[in-house]
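The values are calculated or read from the model by the stated rules, or taken from the named source; none is laboratory data. From a predicted model like this one, the values you see are computed outputs, not experimental measurements. Neighbour counts run over all protein chains shown; Cβ positions are idealised from the backbone, glycine included.
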Amino acid sequence: MSPNKENKKAITVGIFLFIGIAIFLLGVFTLGGQRKTFVKSFQLNVVFDDIQGLKVGNNVWFSGVKVGLIKKIEFYGTSQVKVTLNVEEEAHKYIHKDAKASISSDGLIGNKIVVIDGGSPKFPFVEDGDKLAVNTTLSTDDIMKTLQVNNKNLNDITRDFKLLASNLVEGKGTLGALLTDQQVADNFKAIVKNLETTTASTNRMAMQLNSFSTKLNTKGGLADELLTDTVVFARLRSSVDELQKTAASTAKMTANLDHASGQLTKSDNAVGILLNDPKTAEQVKTLMNNLETSSKKLDDNMEALQHNFLLRGFFKKKAKEEAKQ
């Protein structure tokens, strides 16, 4: 073999070897970049009761961003599992000591992942080796169990509705009678109509009461004054008391007048005798005539005495004294 051919073969082998090494290095750096092997990180620990199929190498997410990987899984205590998280340093300034971790899925049927919430800003940031609390959430198995229970309940409800519909069609029960018995249906319609009439009457009465109450509340009205002005109310009460007293006095006076009128019809008193005894009335008339006659005669006698020369001076003197007074 000539030297030229050997050199050409060596160059070809060197080129392929260089390309292979380049591809290998590119793969290493690519894989390392995806798994963030060369990124500075710190570790956090979480203790789960059930890791739900979590594996080493699964992702750790924070606020929807991949921030690390699961480094180690080991049993802890009697039946728990301790998961060590490898979290990149860049996320250190966002995760607080009260942060919690939970297990979720990367998509509907994807790999299991660990999700970290940030916690409260009033707490300090986590440190390397800290243990995070667990945020308890429903697992897929729990969801499936719940769905199974709900499915059973739905079947029971469907069966009950089927039985109810059958009874309605056959006219069983009150609702069945309403659907199948025309007389019952007519009675029910009449009841509903009566209820509508009663409701309308009640509404009208409520409106009238509202209008009446509005009038009562009219400022300055008589009802408003009577209801709100204590002075007017006191005067009104005083007037009612006076009216009661007047009514009592009137009743008493009426009773007295009735008693007096009753006495006028009797003959055991002077007025009754004068009104009811003709003989006594005639005697009274005669007495009055006699008194009138005697008075006239007395006047005549007095006139005669005034003209008598023996008594004329006396009467003149008396007349002068009366004139002076």
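Residues that are charged (D, E, K, R) and either within 19 Å of Phe125 (Cα to Cα) or surrounded by fewer than 15 Cβ atoms within 10 Å (Cβ to Cβ) (or both) within the range 77-115 comprise Glu88, Glu89, Glu90, Lys93, Lys97, Asp98, Lys100, Asp106, listed in sequence order.
Only one entry in Asn276, Asn289 is more than 60 Å from the chain's Cα centre (by Cα) and at pLDDT below 70, namely Asn276. Each residue in the range 109-138 was checked for being under 19 Å from Leu69 (Cβ atoms), more than 47 Å from the chain's Cα centre (by Cα) and not β-branched (Val, Ile, Thr), and 7 pass. Restricting the first member to the range 101-129 and to residues that are under 21 Å from Glu88 (Cβ atoms), and the second to residues that are among the acidic types (Asp, Glu) and modelled with pLDDT under 90, the beta-carbon pairs closer than 7 Å and six or more apart or on different chains are Ile113/Asp106.
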